[in-house]
Amino acid sequence: MNRPFSPETLAAQALGDVDASGAIIPSIPVTTTYLRDPDNQYRSGLSYGRPDNAIVRHGERLLAELEQGSEALFFGSGMAAATAVFQALRPGDHVVAPTVMYWSLRNWLRGPASDWGLKIDFLDTSDLTALAAALRPGSTKLVWLETPANPLWTVTDIAAAAEIAHKAGARLAVDSTAATPVLTQPLTRGADIVMHSATTYLNGHTDVLAGALVTRVKDEAWTRLTGIRTYQGGVLGPFEAALLLRGMRTLYLRVRQACASARNLAERLSAHPQVSAVLYPGLGTHPGHAVAAKQMRGGFGGMMSIRAKGGERHAIAAAAAVRLWKRATSLGGVESLIEHRASVEGPGTPAPADLLRLSVGIEDAEDLYADLSEALTRAA
Ligand SMILES: Cc1ncc(COP(=O)(O)O)c(C=O)c1O
């Protein structure tokens, strides 16, 4: 057989690596330093724990394959990965970012990153005319997208945004946490960098904080980024890397199940008398549906938001009334989570006060629907 293995196969076997002992599962190298060769070289390619750990590199190779990129870097969290992309820029550089995006990164961009000297414009990146108008050729160095984007699941056309960014001499980075490499591969659509909170779907079991970047090409900007991770030390530890590698083996199964259940729930919740709106890119009513249908393959993800008919009080009471869903922040785990998003994000959030964010896990969809439906009715 000489056709390349599919991503499902590569993920299930974590690239199929078997070490010299014959171990199917890689061991966890806990060392922080490595022996130098007598002739003063480091032929193993490993010298010190901050840049070098074999199991971290193993996971990075797997993710680079799944995203069809040329190299990946793992970080200690999604935020460490995302902020490194901006820290690789220079004070005075202009950046465009979405108004609807992961709130903690938005707050970091508004605060420390702006104080440091980045000039940041926030706009609706799904509006390609507005995006093109916001770019300043020569000074815009980066366009940051998140698609689908927290918590309204706004969808941006990656290929069109890449064309606009590149025409202005800017690079395109995409937070693809919610889409996962199962559904979208931004690098194949022209993005330069893809970012993941590996805490979520890639690991999938709510027991590891991790982040990742993958690059389309190993260029000067990537070398700068690699240096930033090594200097700042926001690396992933070997134990976390081992858990993450285990989680990634079941990525395709988990994401496909979450997609199927989310679609089922989105359709049924749309007809629920206590729900005024369902925000899910898989529904024809979602403003981003057509673009999502074009750039997401095999499903629309496990994330959605619903708006409670009775407003903020109703939303909070419904989240309090569930028995099966877990009332917690985060997403992408095997267990389903519900949260009142405005309470998490605070002032300046684009989340309406009546919005509940749902991360659909892999439990029985019937159980999930019954629990949420009853909670919405009881809380009305
Ligand atoms: C879309 C998105 N980006 C970034 C992050 C930040 O990741 P982390 O919490 O791993 O730092 C998250 C966290 O949930 C996220 O959902």
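The values are calculated or read from the model by the stated rules, or taken from the named source; none is laboratory data. Fair warning: this is a prediction, and the values are worked out from it, not measured in the lab. Every residue, glycine among them, receives a Cβ derived from its backbone with ideal geometry; neighbour counts consider all protein chains shown. Keep in mind that these areas ignore ligands, DNA and RNA; they rest on the heavy atoms of the full protein, side chains included. Shrake-Rupley method; radii C 1.70, N 1.55, O 1.52, S 1.80 Å.
A few notes on this one:
- Computed with a 1.4 Å probe over protein heavy atoms only, the accessible area of Asp37 comes to about 40 Å².
- Estimated FRET transfer efficiency when R0 is 56 angstrom, pair Ala293-Thr31 (beta carbons, to 0.05): 0.70
- Cα gyration tensor shape for segment 166-244, rounded if a/c is under 1.5, else prolate or oblate: oblate
- Counting DSSP beta bridges with both ends in the chain, the antiparallel % (nearest 5): 60 percent
- Distance from the Cα centroid of segment 244-259 to that of segment 83-100 is 31 Å (rounded to whole angstrom).
- The share of accessible area on the chain that comes from carbon and sulfur is 55 percent, using a 1.4 angstrom probe.
- In this structure, Glu374 and Thr99 have a Cβ-Cβ separation that, at R0 = 30 Å, corresponds to a calculated FRET efficiency of about 0.30.
- For segment 24-147, share of DSSP beta bridges that run antiparallel, in % to the nearest 5: 10 percent
- Solvent exposure of the chain amounts to 42 Å² per residue of accessible area, where only protein heavy atoms count and the probe is 1.4 Å.
- Converting the Cα gyration tensor eigenvalues of segment 18-118 into ellipsoid dimensions via √(5λ) gives semi-axes, longest first, of 35, 18, 12 Å.
- Taking every full run of DSSP H in the chain, the ones that stretch at least 20 Å from end to end by Cα along their long axis and average -0.5 or higher on the Kyte-Doolittle scale are 251-270, 365-379.
- log₁₀ of I(q)/I(0) at q = 0.19, 0.24 Å⁻¹ - segment 213-289, Debye sum with one point per alpha carbon: -0.88, -1.06
- Our summary gives the chain a relative contact order of 17 percent, counting only alpha carbon pairs under 8 angstrom and 6 or more residues apart.
- If both residues of a DSSP beta bridge must be in segment 143-209, then about 10% of such bridges are antiparallel.
- Expected 222 nm ellipticity per residue - DSSP helices of 4 or more, -39500 (n - 2.57), all of the chain, to 500: -10500 deg cm²/dmol
- Its relative contact order, with pairs defined as Cα atoms under 8 Å and 6+ residues apart, puts segment 104-195 at 24 percent.
- The average projected area of the chain, computed from the convex hull of its Cα atoms over all directions, is 20.4 nm².
- Here the contact order of segment 197-240, divided by its residue count and restricted to Cα pairs under 8 Å and six or more residues apart, works out to 33 percent.
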